[in-house]
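Remarks on the structure that follows.
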Amino acid sequence: MTFALLRRWRAAPPPPQHPLAPPDATHLLRELGHHPDVRQALTLSALLSLISTLLTATFAVTAAQAIATALLDHRLPDTAVTLTIAVSLIGRAVTAALRERILTSMAARRLHDLRADLTHAALTLGPVQLSAQRSSHLNLLDTDLDTRLAPYFARFLPARWHAAITTPTLLIVTALLDPATALLLAITGPLTILFLWLVGLAAHAATDRQWQAHTRLNARLLTVTAHLPLLHLHGQVSTYRRVLKASAEQHRTLTLNVLKIAFLSGLVLEFAVTLATALVAVWIGVRLFGGAASLAPTLAALMLVAEYFAPLRQLGADRHAAMDAEPLAAHLAALRRMTPVLTGQRPTEPGPPTLTFRDARAHFPGTGGAGCSPLTATVPAGTHVTLRGPSGSGKTSLLHALRRHVPFQGEILVNGTPLQYLDADAWRAHVAFVPQHPHLLAASLRVNLSVTRPDASDTDLIDVATQVGLLDLIRHLPQGLDTPLGEGGLHLSGGELARLSLARALLTTPALVLLDEPTAHLDPETEAAIVQVIRAAFHSRTVVLVTHHAVNFSAQHLTLAGRAA
Amino acid sequence: MNGAVLLAALASLAAVGLAAASGVLISRAALQPDDFLSLTLLVTTVRALGVGRAALRYAERLTGHAHALALGAHLRLQWFDTISRFGRDLLSLERRGDLLSRAQADVDARQMWTLRVPLPLLSFIAVATAITLTTLLIDPLLAALTGVPLLVTAGHAATQRHPAAALAQDRQELRREHSARLLDAVAGSADSVSQAALPHLTALNRAIMVTAGSSSTLAWQFTLTRELMFALAVSGALWRGADLVTAGTLTGAWLAGLVLATAAAFEAATLLTTLPAAHAERISARNRTRQWRDQTPLVVGPPSPQSLPDGPLELDLRGVTVRLGERTILNGVHLHVAAGRCVVLTGPSGAGKSTLLHLLTRDLDPDQGEVTLSGIPLPTAALSDVRRALSLHPQQSPLLDGSLRENLRLADPNLTDEQLKPLLTQFALDHLCPDHWVGEGGTQLSGGERARVSILRALLAPSRIVVLDEPTAHLDPDTELLVLKGIQANRQGRTLIIASHRPAPLALADQIYRLQDGQLHPLPAASTQKKVI
């Protein structure tokens, strides 16, 4: 049985709505670098690279000269030579530190912007759109942003420039010193790059797979952790432990395969560098022995061989960083592309709105409006209506559409203006939503009440708590408003949660209130009391209450037809 | 792992050796010895070191990473074992997003430690020792001129240990906080939680940037020190070396080798930058894991459990009292449920119906009194036995992120699609195919659909007592009736315990209790309604 389960989970396809990495991740990653700040930092860094290369060349030439003088002429190098060596090396140190400073602070700024983007995108999309995305995905994106993208900005991008400047410059210098060595470098350099490119292609495909495995592994860990009570309930903990173990094993194998190839590029480079050094050294040795060359320029050339390959080696190491960053960039782009509801420009009029629906129903991209029934009705300003219909007929989805969290089909007019023309953020600020399952933060009761208005005073909070009938509870809690609440509302009953949710909505003084079955879990007496609270508290505001029960709430009932209709 | 460290040290030594050997080789060649054969040994050395270094580095990387990955898999399972000791109380201990980001980052920090700390450190020590000892054989001043800069470089990295560790820690905490808050805000954005979270998220993001800036300062300062020390060591070696050569103390051919080797030695110092932070991360990761390990779960099984008898089970609550904070939820409650009976609990919301059900599934133990199954107190039976004997539909209807089929197979792993189809029809879920992806926590389904899946799952489990918490709260009257019929049809004579404030489920009841003010009050069963179902 376990094996069947394992096979199924391994074979389980990602959900169809799941936005997978688009094909051209490299392009998307490059786009992240198109920014004036990045360009400026890269230009400065390139300039410093050039200075540093020239200083390195100066050092090599003078140092070789000094050695040759000591070895062949048995005399100490001139003060000028020694001074040049020291100055060029100190100059190199300063440029290197400057480069690092410019690049790392640019990366920090860029990541700040990207994280802000990500946050904005996630919050705009809201939970309905993101439900196809797994929260572990978002979590990974957010926590991995620095580790995966910072090396790309701070190292990979400048490393390309660095290589592009240093390599030809040093080749020219070497050619001036010792044409034979330069010829060898001119052949091995491009060959190395070719090898790197070939190995990189193979590693590239493997990295994508590895990222998927990594995400899935973490998704699984999150799922299994979040549902531990459920798994305990069905005695399935050990089964899922095996599943976890198997996917961890799979992840290990995949990663190791990626690394074998990725390190191969390192191996190629190391071989190229060390073999070139060895070849150059031996060849120079042979020519010196035959008297076909002189020591000073050839020694300088030998010293430059390591410097010639250093940027290529760096590029090879950082290429790995870029490959690491690509899937992340793709997912980031996918998230930004998902932004569902195009916001309009028009401001929202103050005061309770009149709502007009014409064949309106929520429309989920991908799945279509399957199951959602259309609504045609008018809700006059300041009136209270109930929205009813069979389970699954799209009542909740319609409320989300009204909140501009999901797109819709048909027409929804607000005071005669099509909903899609309104500025979405401004509109949302006018609308309060009371969900089926209010979300609790792992924080105090005060924080949980005031999430919709963090500046609310305790007097305000007590006031709304009194209106929704939570005052008794608060009085009985030893820590009062400071009592901590756990995730999922461990210590609050369903009724108390609904009251909490109503209190949150009350705090925002909204013009339109959308209530999604807030009383589903309440006994008839409490339900009646809560309905009274809603009627009194939201008096003269436009209110839409989704319910299954025949509650004494309003004169007007809107009805969504069943699936069959 | 020791293998990887050894390989790393050898690779670094080979790099320095290669530089030295090539310098010596061309100097010797420039002196034009009588025959080339005297150079052959040097030529071979240079080639061997060239190939050896690359091979050693590759071998080191593979061994090191293979070991780290195996360690990671092991740590992940270990973490799961620590966490899976907890039941429902887990959710009150930690935020979920937090829990995951910790697990992931902590496992990463611990598995990569050997690669990030001992490996570069030992390579550096090996190189520095080799250089210093070799130069000491030639001249003490020369040894000081090369050894001291290397030592200063290492010393600078060592002084950065504390600030770098603190920064790494800060940044990790901030990132974790940001990610946890973001998940919270997204999950709660339906009820306007997100707008309020934005200022805090923005502040956190700024703080992350500030710590990144401070890390950047540490990094460039280290680079500056390292490069300046490089300048000092190389020009020092050249100056003193040339002096020794002209004085005749040092063989001329060694000079170039000496200078090149000194330059190469600094390459091993490059990796010292990341060392302090990596070490700090591992320490805090281990401390966190330890904290979890030391935390005792709310409910634990007995060391030598009694086994539950086979066959139908009698359920008894004897004088059960539960207090949460200062609220007394249940006050000396007595209840007897004979095997195969159906009991419905009603009462105002917040009266403690769910709490009473949690006692049965042992998500909670009473403060006083006991709960027994056929006379065996629950705390003396194995947790897994109790959980197997009961199946529960919780009020929130939690679903696994997976397909509909997978969720139902959680209860009955051998369920086939043929068996599944009629069941879905009975519960008005026939518009969903078994492959239907339910979304994270079931969010792709409506509230009513989710509840029906959860009820069906509770019924499918091979339990002896079925516990349903508010089975029909989200359903319209027609569907409600259908679901009640479905429950009756799949109950198969098992004991049924339902908590409901809705009147319809009362029709199933053999016995009805009203829970109010911490007490159970029996009500007459509505036998007349029974015919409807």
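Side notes on the structure shown:
- The convex hull around the C-alpha trace of chain B, projected and averaged over every direction, spans 34.8 square nanometres.
- Distance distribution note for the stretch A:49-125: the fraction of Cα pairs above 22 angstrom is 52%.
- A simple spin-label model places the labels of A:A443 and B:L41 7.5 nm from each other, with each point 7 Å out along Cα-to-Cβ.
- Net charge contributed by nearby residues that have their C-beta within less than 13 Å of A:R388 (K/R +1, D/E -1): -3
- Whole-number D in µm²/s for the stretch B:2-293 (Stokes-Einstein; Kirkwood sum over Cα pairs; 37 °C, 0.692 mPa s): 147
- Neighbour-count order for A:Y308, A:Y240, fewest beta carbons within 10 angstrom listed first: A:Y240, A:Y308
- Counts of other chain beta carbons within 10 angstrom of each beta carbon in peptide B:495-503 average 2.
- 0 to 90° range, to nearest 10: angle between helix B:140-159 axis and chain B longest Cα axis: 20
- Between A:Q250 and A:Q532, residue separation times 0.36 nm minus the direct Cα-Cα distance comes to 95.8 nm.
- Charge tally in the Cβ shell below 9 Å around B:L429, where Lys, Arg are +1 and Asp, Glu are -1, B:L429 excluded: -1
- Counts of other chain beta carbons within 10 angstrom of each beta carbon in peptide A:268-278 average 6.
- For the stretch A:25-337, the Kirkwood estimate of hydrodynamic radius, built from reciprocal distances between every pair of different alpha carbons, is 22.7 Å.
- Whole-Hz Karplus values for the stretch A:294-303 come out as 10, 5, 3, x, 5, 5, 4, 4, 4, 5 Hz, taken residue by residue from phi with 6.51 cos²θ - 1.76 cosθ + 1.60 and θ = phi - 60°; glycine and proline positions read x.
- For the stretch B:2-293, the relative contact order is 33 percent, taking Cα pairs closer than 8 Å that sit 6 or more residues apart in sequence and dividing their mean separation by the residue count.
- Charging the Cβ of each Asp and Glu at -1 and of each Lys and Arg at +1, and nothing else, the dipole of the stretch B:254-387 about its Cα centre rounds to 240 debye.
- Using θ = phi - 60° in the Karplus curve 6.51 cos²θ - 1.76 cosθ + 1.60, the 3J(HN,Hα) couplings for the stretch B:415-423 round to 4, 9, 5, 5, 6, 6, 3, x, 5 Hz; x is entered for Gly and Pro.
- Ranked by how many other Cβ atoms sit within 10 Å of their own Cβ, fewest first, the residues A:R361, A:R75 fall in the order A:R75, A:R361.
- Considering helices alone, the calculated mean residue ellipticity of the protein assembly as shown at 222 nm is -21000 deg cm²/dmol, with DSSP H runs of length four and up weighted by -39500 (n - 2.57) and normalised per residue.
- Couplings for the stretch A:476-485, taken from phi via the Karplus curve 6.51 cos²θ - 1.76 cosθ + 1.60 with θ = phi - 60°, read 7, 7, x, 9, x, 5, 8, 4, x, 10 Hz in order; Gly and Pro are left as x.
- Here A:H35, A:H363 are placed in order of increasing Cβ neighbour count within 10 Å, fewest first, which gives A:H35, A:H363.
- With Cα atoms, 0 to 90° folded angle of helix B:447-460 axis to chain B main axis: 80
- Residues whose amide H comes within less than 5 Å of that of A:T378, counting only those at least five positions distant or on another chain, are A:F357 (H built at 1.01 Å from N in the peptide plane).
- Subset of A:K245/B:K421; A:K395/B:K485; B:K353/B:K421 violating a 27 Å alpha-carbon distance limit: A:K245/B:K421; B:K353/B:K421
- Take each residue in A:432-441, count the other chain C-beta atoms within 10 Å of its C-beta, and the mean is 6.
- Most positive-pole-ward Cα, A:N448, A:I85, B:L383, against dipole of the protein assembly as shown from beta carbon charges: B:L383
- The orientation-averaged projected area of the convex hull spanned by the Cα atoms of the protein assembly as shown comes to 46.3 nm².
- Cα-centred dipole magnitude for the stretch B:2-293, charges only on beta-carbon of K, R (+1) and D, E (-1), debye, nearest 20: 820
- Base-10 log of normalised Debye intensity for the stretch B:129-238 (one unit scatterer per alpha-carbon) at q = 0.13, 0.14, 0.23 Å⁻¹: -0.65, -0.69, -1.10
- Taking only alpha carbon atoms, the stretch B:315-532 gives an Rg to Rh ratio of 0.96, where Rh is the Kirkwood radius.
- Cα-centre dipole for chain B with unit charges at Cβ (Lys and Arg positive, Asp and Glu negative), debye to 20: 220
- DSSP beta bridges fully contained in chain B are about 55 percent antiparallel.
- Between helix B:275-294 and chain B: long-axis angle, C-alpha atoms, 0 to 90°, nearest 10: 30
The numbers here are math on the coordinates, done by the rules we state, and not lab data. It should be emphasised that the depicted structure is a prediction, and the values quoted were computed from it without experimental measurement. We place every Cβ from the backbone using ideal geometry, glycine too, and count neighbours over all the protein chains shown.
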